[in-house]
1. Can you count the Lys pairs in segment 1-151 whose Cα atoms are under 25 Å apart, with each pair 8 or more apart or on different chains?
2. How big is the charge dipole of segment 3-51 about its Cα centre, in debye rounded to the nearest 20, if each Lys and Arg gets +1 on its Cβ and each Asp and Glu gets -1 on its Cβ?
3. Taking Cα atoms, how many degrees apart are the long axis of helix 56-78 and the longest axis of the chain, rounded to 10 and kept between 0 and 90?
4. Carbon and sulfur: what percent of the chain's accessible surface (1.4 Å probe)?
5. Placing unit charges on C-beta atoms (Lys and Arg positive, Asp and Glu negative, everything else neutral), compute the dipole magnitude of the chain about its Cα centre in debye, rounded to 20.
6. In degrees from 0 to 90, rounded to the nearest 10, what is the angle of the helix 122-138 Cα long axis to the longest principal axis of the chain?
7. In Å², and per residue, what accessible area does the chain have when probed at 1.4 Å with the other protein chains present?
8. Of A85, A191, A24, which is the most mobile in a GNM of the chain whose springs link Cα atoms less than 10 angstrom apart?
Amino acid sequence: WAAHRAALDARRPFRGVEFTRLDATGAVRTLSISGEPMFDDSGAFKGYRGVGQDITVRKRTEEELRASRRLLEIVIDAIPMSIFAKDTESNYVMVNKYAAEFFETSKEAMVMRHTSLLPTHEATRTQSLKDDQWVYQNRRTLTHETFIQRPDGTPVPFHSSKIPLFGDAGKLIGLLGVNRDISEETRAREALRESEQRFRA
């Protein structure tokens with residue numbers, strides 16, 4: 001509001017200044033106004049002319065969308081699996097808390113980072129890019145078990161699924177990845193295999 005007052009005092013045009021007011025029923029309305037200064041032939045300031053628009057519905061819709069996105073983010077962050085989305089160039093466009101913490105970084109640091117720049121070892125980056133390309137080329141879901149290395153090099157077994165994402169008219173826009181840690185399952189299978197081998201011996 002102070003910046004708007006400064007623009008008026010300087011006789012400058014303004015665009016999209018938003019403010020709220022109460023209507024006749026006591027309901028809060030949000031308005032957007034734009035204006036141009038008017039001058040007479042001698043250059044003396046005469047006032048402003050402009051337009052105003054009631055944007056209450058738009059603002060309410062924007063707030064509801066923000067709340068929905070925030071709720072979705074909270075839900076995805078609560079899932080104890082690595083969940084992420086990439087564009088068709090293998091840049092991360094969304095990651096959940098689990099995925100970021102696995103690579104000992106933040107969600108903000110991973111978003112729009114290319115897979116080749118992940119803070120992990122070359123083998124993991126190479127395999128991830130190879131899997132991405134398979135999904136992009138075949139336009140089908142790829143599901144398999146694989147090892148993903150932590151930044152310190154520790155390999156962790158995951159059940160990995162990469163699912164192609166399509167936009168309007170069936171255009172491929174990226175992929176959704178879901179990786180589930182299967183360390184306990186892997187240890188259980190190995191223990192069972194060792195037990196069977198001892199039994200046969």
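The values are calculated or read from the model by the stated rules, or taken from the named source; none is laboratory data. Predicted, not measured: the structure shown is a model, and the values here were computed from it. When we count neighbours, we look across all protein chains shown, and the Cβ atoms used for this are built from the backbone with ideal geometry, even at glycine. When the accessible area is computed, the model is the full protein with side chains, heavy atoms only, and any ligands, DNA or RNA have been set aside. Shrake-Rupley method; radii C 1.70, N 1.55, O 1.52, S 1.80 Å.
1. 6
2. 120 debye
3. Once rounded, the angle reads 20 degrees.
4. Answer for the chain is 54 percent, counting heavy atoms of protein chains only.
5. Numbers: 31 positive and 29 negative charges, 65 e Å.
The calculation lands at about 320 debye.
6. 70 degrees
7. 65 Å²
8. The residue that fluctuates most here is A24.
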